[in-house]
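The values are calculated or read from the model by the stated rules, or taken from the named source; none is laboratory data. For clarity, every value in this text was computed on a predicted model and none was experimentally measured. Quick reminder, even Gly has a Cβ in these numbers, built from the backbone with ideal geometry, and neighbours come from all protein chains shown. Accessible surface areas use protein heavy atoms only, side chains included; no ligands, DNA or RNA. Shrake-Rupley method; radii C 1.70, N 1.55, O 1.52, S 1.80 Å.
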Amino acid sequence: MDAAAEVRKVVIPVAGLGTRFLPATKSLPKEMLPLLTKPTIQYIVEEAAASGLDDVLFVTGRLKRAIEDHFDLLPSMEVHLASRGREDLLQRVREPAALASFHYVRQPSPLGLGDAVLRARHHVGRAPFAVMLADDVYVADPPAIAQLLRAYREAARSVVAVTRVPRDEVGRYGVVALPPGADPALGRVAALAFVEKPRPEAAPSEWAVVGRYVLEPEIFEILERTGPGAGGEVQLTDALNELARRGRVDVLAVSGERYDVGEPIGFVEATVALALSDPELAPRLGRFLKGLLSADLRPAAARGPGGSAGGTGCA
Ligand code: G1P
């Protein structure tokens, strides 16, 4: 049985202020910070495009215009590179704009993820659609959103990606309540409830919502009636909770590596992992990391006073 409508549209909220990357994000959208040579947002759009999502709606805001420029053509640069015969670079310049058709809607105030998704209502219409959060970069085969789209096609029910996290980290996520014994790593599971950023002792499980969703358009009608929740923001998780109450949403653990590039440490981890998977960069970076980890090659700040290993560097 395959009654599910084809999903072509993806909503990518990018209006967030990126305060964890200040001062860089005073004038640069956090989504434009590069992992190697590509901005993080390009990895998200490439994942969408590789999964058949060819219509991208950015929910954007002030200070985010660089994202629009990135996914546009840049004729002056193309003329310059063409005149120098740099076909390789021309390709890199043209690639982003060719990934999908791009649309923009503004979210004037940071009222929350639920508010951002509701702003996509007019563009999405009455079709199922995907939501991808730009902070979650996946290295996965098949792509993470493709795994969810496949699950959606099987059942024509909304489906949300989850991953298991240590209990002391559940407070950073939306968390799902599951039927006893259910394991989303083995296949789609009906969600019983969702709660946004619970205290560890109050969390209904250790299965956390990560930034990939395929949603039926009924979510808009629910979001319309959803008031502010955790942190005073309109939470997508609260609308998912209503979907769960109606018995209309599943969760699925997607396979692959996830990097939270919305925080500096996750950003560094993603950079290192991507560089180590690049055959041209891996040998030299591997030598560098090994050297750095041996006491005598660590930078002075890490060696501490007198160069002794394990020092505080507070001299
Ligand atoms: C958002 C969602 C949360 C989800 C998380 C995944 O939170 O509200 O439910 O678990 O993304 O990254 P944020 O990271 O914006 O605080």
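Per atom type, the chain shows carbon and sulfur on 55% of its accessible surface, probed at 1.4 Å. Less than 5 angstrom separates the built amide H of TYR173 from those of LYS197, all sequence-distant by 5 or more or on a different chain. With the highest mean first, a sort of the peptides 220-232, 56-68 on other beta-carbon atoms found within 10 angstrom per residue produces 56-68, 220-232. Along segment 199-206 the Karplus relation, 6.51 cos²θ - 1.76 cosθ + 1.60 evaluated at θ = phi - 60°, assigns HN-Hα couplings of 5, x, 6, 9, 5, x, 6, 10 Hz to successive residues, with x for each Gly and Pro. Proximity of backbone amide H atoms, modeled 1.01 Å from N, is registered between LEU35 and THR40 at under 5 Å, excluding neighbours fewer than 5 places apart on the same chain. Which one of THR237, THR25, THR40 has the biggest mean-square fluctuation once the chain is modelled by GNM with Cα springs under 10 Å? Of the options given, THR25 has the highest mean-square fluctuation. Volume per residue for segment 114-188 equals 142 cubic angstrom (convex hull of Cα atoms). Calculate the FRET efficiency for ALA193 and ALA156 from the Cβ-Cβ distance with a Förster distance of 22 Å, rounded to the nearest 0.05. About 0.55, to the nearest 0.05. Kirkwood analysis of segment 197-264, using all unique Cα-Cα pairs, places the hydrodynamic radius at 14.0 Å.
The spacing between segment 203-227 and segment 48-90, judged by their C-alpha centroids, is 30 Å.
The share of Cα pairs per 10 Å bin across segment 124-281, counted from zero up to the longest distance, runs 11, 39, 36, 12, 2, 0 percent.
The Cα center of segment 94-151 and the Cα center of segment 12-41 differ in position by 16 Å.
Per the Kirkwood formula on distinct C-alpha pairs, the Rh of segment 30-153 is how many angstrom? Each step should come with its number before you reach the end.
Numbers: mean 1/r = 0.0627 Å⁻¹.
Its Kirkwood hydrodynamic radius stands at 15.9 Å.
Write down the accessible area per residue of the chain in Å², having rolled a 1.4 Å probe over the full set of protein chains.
Result: 50 Å² of accessible area for each residue.
Scanning the chain for DSSP H helices at least 20 Å long along the axis (C-alpha atoms) with a Kyte-Doolittle mean no lower than -0.5 picks out nothing.
Residue by residue, segment 225-230 carries 3J(HN,Hα) couplings of 9, 8, x, x, x, 3 Hz when phi is fed to the Karplus relation 6.51 cos²θ - 1.76 cosθ + 1.60 (θ = phi - 60°); x denotes Gly or Pro.
Quick one: length gained pulling ARG245 to GLU95 fully straight, 0.36 nm per residue minus the C-alpha distance?
Separation in residues times 0.36 nm, less the Cα-Cα distance, equals 49.7 nm.
The 3J(HN,Hα) values that the Karplus relation (6.51, -1.76, 1.60; θ = phi - 60°) gives for segment 107-112 are, in residue order, 10, x, 10, x, 8, x Hz. Gly and Pro appear as x. Treating each Cα of the chain as an identical point scatterer and summing with the Debye formula, the log10 of I(q)/I(0) at q = 0.07 Å⁻¹ comes to -0.32.
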